[in-house]
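Only the coordinates and a few stated rules stand behind these numbers; no lab work does. Given the structure is predicted, the values throughout are model-derived calculations rather than measurements. FYI the Cβ positions are ideal-geometry reconstructions off the backbone, even for glycines, and counts take in every protein chain you see.
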Amino acid sequence: MIRKLLPCLGTYKKYAILTPLMIGIEVLLEVWIPWIMASIVDHGIQGNGGIDYTVKMGLLMIIMACCSLFFGALAGKFAAQAGIGFGKNLRTLLFAKVQEFSFINVDKFTTGSLVTRLTTDVTNTQNAFMLLLRLAFRAPIMLIGATCMAIYVNPHLSLIFFAAIPFLSIALYFILVKAHPRFLTMLKNYDSMNSIVQENLINIRVVKSFVRENYEKQKFAKSAEAVRSAQFFAEKLVILNMPLMEICMYCCIIAVLWFGGSLVINSTMEIGELSSFISYIMQILISLMMISMLMIISVLSRASLGRISEIIDEHPALHDNKAGYAAPLNGSIEFRDVSFAYDELSQNLVLSHINLNIKAGETIGIIGGTGSGKSTLVQLIPRLYETSTGQVFVDGKDVKKYRLPALRDTVAMVLQKNLVFSGTIRENLCWGKKDATEAEMIAACKAAQAHDFIMQWPEGYDTNLGQNGVNVSGGQKQRLCIARALLKRPRIIIFDDSTSAIDTATENKLRKALKEQVQNATMIIIAQRISSLSDADRIIVMDDGKIDAFGSHQELLQTNKIYQEVYKSQQKGVS
Amino acid sequence: MPKPKAMNFQHPIGEKPKNIWPTIRRIFFYMREDTFLFCFIFAAIVCSSAAQVIGAALLQYIIDDFILPLAQNYNEDLQQGFIKILFYMGIIYCLGAAASYTYMRLMLLLSTKTLYKIRQDLFHKMEALSIHYFDQHTHGELMSLYTNDTDTLREMLSNSVANFVAASLLLLGVFSTMLVFSWQLTVLVILQLFLIFYCMKKIGGKSRLYFKQQQNALGQLNGFIEEIIDGQKVVKVFCHEEHALTDFSKLNEDLCRVSTNANIFSNILMPIMSNIANIHYALTTILGSILAIYGILSVGTVIAFLQLTRNFSMPITRISQQFNTMLSALAGAERIFRLIDEPPEEDQGSITLTTSDDKRNTINGDTTCDLSLFSWKIPHKDGTLTYHPLTGHIEFKNVFFGYKTNQPVLKGISLQAVRGQKIAFVGSTGAGKTTITNLINRFYDIAEGTILYDGIPIKKISKTSLRQSLSMVLQDTHLFTGTVMDNIRYGCLSASDKAVIHAAKLANADTFIRHLPQGYETDLTADGINLSQGQRQLIAIARAAVANTPVLIFDEATSSIDTRTEALIDEGMKSLMQGKTVFIIAHRLSTVKNADMIMVLEQGTIIERGSHDELIEKKGKYYQLYTGMFELS
């Protein structure tokens, strides 16, 4: 998993390489210093080196400390640059990847989970990586360095380490292996507890109106208890680390005092060397602890890492045909035996065996119940989804054979879920056409019946939308989205139930203006109200993924049962 | 009114707690049942640190008084003493390690237990808060109490406290020993301390500043990511990917810049600290040697002092690390306690619902859902009880209300609704339609006027009973994790499977539910994401159907359902509404046409009322709306 992310280092690779180098020098100096300390004591203060030797070695030590400080600081700097740079590139990689996703990929992950992966998970991974960069090299270098120094100072005495290190490593390893699954359980319980809280926040009105506070409290208590016991169960193993290391250290100290003491007594070892030896014990055991801490961190960040690599591994469900045709010019549409399922394996066909012919410039209405496949049908035209079987043709050419941007620029679509983004109205309109002139914008907004209300705002087209901006009503938002789509000057324009919040009078005006604006363009309108389809040349009645009927209003009214039903239900009460 | 719901929310790092001591006392209060345990833990920490201090002192003692003399002239007695003292040292060390394990294990027990209690309190209070509170705080803000703030608190309880205490004791022990050995060299130690504090303040301050900037930049970037990914389909439709990527890169670069700075400063703190200690050691050797040469100090003292110097720097770094964690944990704890201290939703109502056959038994949510068996139990001042039938008659008398005191949303609303009636509200966004229904169930309390339920002022009815006698279907339906069956049963926990299916049939939800992979047992995860908005709405209607209350409120309940499905639901709702008082809020006029009474709201007042035909005849606002001459915004 880690290997997959390494390319994210990119230009920051040099820092990632420099960091361990700097750390290496810093650690070597750090390992060297106890030896100098020993020399000062043995040869300076106690020995016959005298004050000169002491001052000389003292100054040497100050220089070394300054060097160690310098390299340590550099290591910290490089680690920050490499770690943060890695995070930046990882974020970009993921964001760019999500931009490649087609609708089906987005549906699969759901937007909420994509957001978590790009925010929280990336931050976690970045922090873990930075820590890893600093510790993963420090610990082994220190382990080896201190061991070497210990051997250099006194090879016989260093045999103690060769008993202690394997013992502690094996013990730490077993603790980790046992703790790993327990940590995973803990994380899982923790997640589900948080999701209960989240659900309660979203649903607080439901909880309160059904007086289910106690029920929710019980649910939460159970979950919180699960978290508590899982945490206890996992961490009670990890806390063994500390006393274990203390025991090891203390045993080593006593052993060093005993054996080393005998050596000193026999005058084969200096007293300063003995205390430097004790420093090396500390350094070695601390580095072992660091390694075990690293393991825990990697366990804890594995969940985030897994979620991130799922995105990286996801294959965009459809590919751009870069060498494909340029934009279609006419706007005729044909469906040839098209079937569609969101899930390849599922038998659940959302559309089955659709055959359809729409002439360029026609206005087509689509009507049908919830889940009848209306939205899916039209989303196949700009190739937002790929057909499971069968083909969709625009201008007589398979949509797969167009270049995607060209196709989608010609086929404008106003989605059911209307979204404007934070920024000014002008910026939002520019989504449709990046270099749109003022005149073009006003024309589009006039056609979409948005110009008047925009001008009522004090800042007109520079009015800020979004969190701190004006409050835009559903109907206004829909009209802004329509204007945005019109700016594309499309050959085919699709309205996916995008006038539902607009009143009938405005809708009439909108329709008239549209006719003038997009002359000759093919128009497809999905609507719930038959009145919205009065301009349609022909109307498609969808039912359960199939075309139930396709004809003019009059024809349908006479022959189609569903259409009659809808018509009747909507006419009821109207004089 | 509800605010935007940002899920990604983080409090700035390095925020300092305002009242340290009350917060600490509060945390201790959670451990009051385990005072003994806590004292025991404290004793264990002291033992473990003492073992370290004594161990270090013994080390010096062994070297000075045994190994060195033995090296100079060997003597059997001394050798015996050497063995003995090593043995004692081993025992002290073992006790120390045992004490460490004991305090860690007990602390883990105590900290997980304490956290459990705090989480429980937090959740219990959250459930008891008024809707008003949720309007004022974003989900992200509340969520971070459960995640970030409890996490740092956990870190503090299970690690920092013990570490802090141990390191402080160690420091104290070492420092006083140093003073005893040589005041001259201790001056050097104090100088070092000043230097360390200076660096910490300087670099720590810089790093805090950059961390704050980093937090802002991260917030902006994450906000952007959230917005774009939420609108990913729009991005696709407009081929806006490149453009989004450019904007993204700009924000990402910004974050990278401040974030690198922030981390550089925090990363270089450690090497600076440890090397100040090294430099100090070197200076001590030089000064010590000079002092030794002039005979002011003995060589042994200098060596002992040097050994102490080595033990001095570690606890300092440990304390400085723990100190920051503890400060931010306390700031988090303060936020948690602030929520726990919020006043709960007021409820002074004493009138409750009881079953008619057993008048002593008030319902507590789960016994039965057939509300036709219930009646109001009214206690009087003289201790007597009277009973009043539950019918579902709602009356508003000159009601005034505003979310903020000086901005009235409703102005003098009066209306009556009796059993079997269907009352509809129409009007623009912000006219106060939803507000009216939120007053009936006392999500908000009215400022002036009265609302009567079966002739009883609703302020006198306990909120539990009042809400049990109403059910709502809201504009945005969110479901709970669980099966479809569980979600419908939410309306009445004691409902049998049969009753649930019956309710689903009533709401016309049965057909689509049966088509789900596991039917009623299909698991809904992540807010029922695998269902369409319309299907979720149907489940919510079924949920209200199973509750079977005398008053029903539909707040734009059918707005995301196509008219054909709506017609089917209408059929179902007809039987659902039989003999009930129904309030309907709708944008689509076709939905309200067959209501008994339609209220047209404008700026908080009812400007027109009457049946569809009457209002059409009147040729007023409703007529304009209906014929499309006017637009609802």
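Figures for the structure shown
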| item | result |
| --- | --- |
| Between segment B:160-224 and segment A:30-80, the alpha-carbon center distance in angstrom | 23 |
| Virtual spin-label span in nm between A:Gln456 and B:Ile24, 7 Å along Cα→Cβ | 6.0 |
| Order of A:Asp462, A:Asp543 under a 10 Å beta carbon neighbour criterion, fewest first | A:Asp462, A:Asp543 |
| Gain on full stretching of the segment that runs from B:Lys574 to B:Gln220 - 0.36 nm per residue minus C-alpha separation | 122.5 nm |
| Compactness of segment A:333-571 as Cα Rg over 2.2 N^0.38 Å, two decimals | 1.03 |
| B:Lys618-A:Glu310 pseudo-label distance in nm [points 7 Å out on the Cα-to-Cβ vector] | 5.5 |
| Using a Förster distance of 30 Å, the FRET efficiency for B:Glu33-A:Asp191 (Cβ separation, nearest 0.05) | 0.55 |
| Under the span-like rule (Cα at least 20 Å along the axis, Kyte-Doolittle mean at least 0.5), DSSP H helices of chain A | A:13-39, A:50-100, A:122-153, A:159-202, A:241-255, A:271-313 |
| Acute angle (nearest 10 degrees) that the helix B:183-230 long axis makes with the longest principal axis of chain B, alpha-carbon atoms | 20 |
| Charge tally in the Cβ shell below 9 Å around A:Leu329, where Lys, Arg are +1 and Asp, Glu are -1, A:Leu329 excluded | 0 |
| Members of B:Lys411/B:Lys505; B:Lys505/B:Lys593; A:Lys88/B:Lys233; A:Lys374/A:Lys512; A:Lys477/B:Lys433; A:Lys434/B:Lys212 lying beyond 30 Å, as alpha-carbon distances in this model show | B:Lys411/B:Lys505; A:Lys434/B:Lys212 |
| Förster radius 56 Å - calculated FRET efficiency between B:Leu193 and B:Ser414, Cβ distance, rounded to 0.05 | 0.15 |
| Length-normalised contact order of segment B:183-296 in % [C-alpha pairs under 8 Å, at least 6 apart] | 48 |
| Net charge of Cβ neighbours under 12 Å - reference B:Gly604; Lys, Arg +1; Asp, Glu -1 | +1 |
| Under 17 Å from A:Lys188, Cα to Cα: aspartates and glutamates that are on another chain or at least 8 residues apart | A:Asp121, A:Glu199, A:Glu225, A:Glu235, B:Asp151 |
| Mean separation of Cα contacts under 8 Å (6+ apart) over length of chain B, as relative contact order % | 14 |
| For segment B:154-270, alpha-carbon Rg over 2.2 N^0.38 Å | 1.78 |
| Two-site FRET efficiency, A:Gln517 against B:Asn594, from Cβ-Cβ distance with R₀ of 41 Å, rounded to 0.05 | 0.60 |
| Amide H within-cut-off set for B:Leu524, under 5 Å, with H built and near neighbours excluded | B:Gly482, B:Thr483, B:Val484 |
| Once the Cα gyration tensor of the protein assembly as shown is diagonalised, semi-axes √(5λ) in Å | 70, 37, 25 |
| Tilt relative to chain B, helix B:533-547 - C-alpha long axis, 0 to 90 degrees, to 10 | 80 |
| Contact order normalised by residue count of chain A, Cα under 8 Å, 6+ apart, percent | 14 |
| Separation of the B:Phe42 and A:Glu100 label points, Cα + 7 Å toward Cβ, nm | 6.1 |
| Cα long-axis angle, helix B:35-62 against chain B (0 to 90 degrees, to the nearest 10) | 20 |
| Antiparallel bridges, percent of DSSP beta bridges restricted to chain B (to nearest 5) | 60 |
| Linear extension gain, A:Lys4 paired with A:Asp52, 0.36 nm per residue minus alpha-carbon span | 11.6 nm |
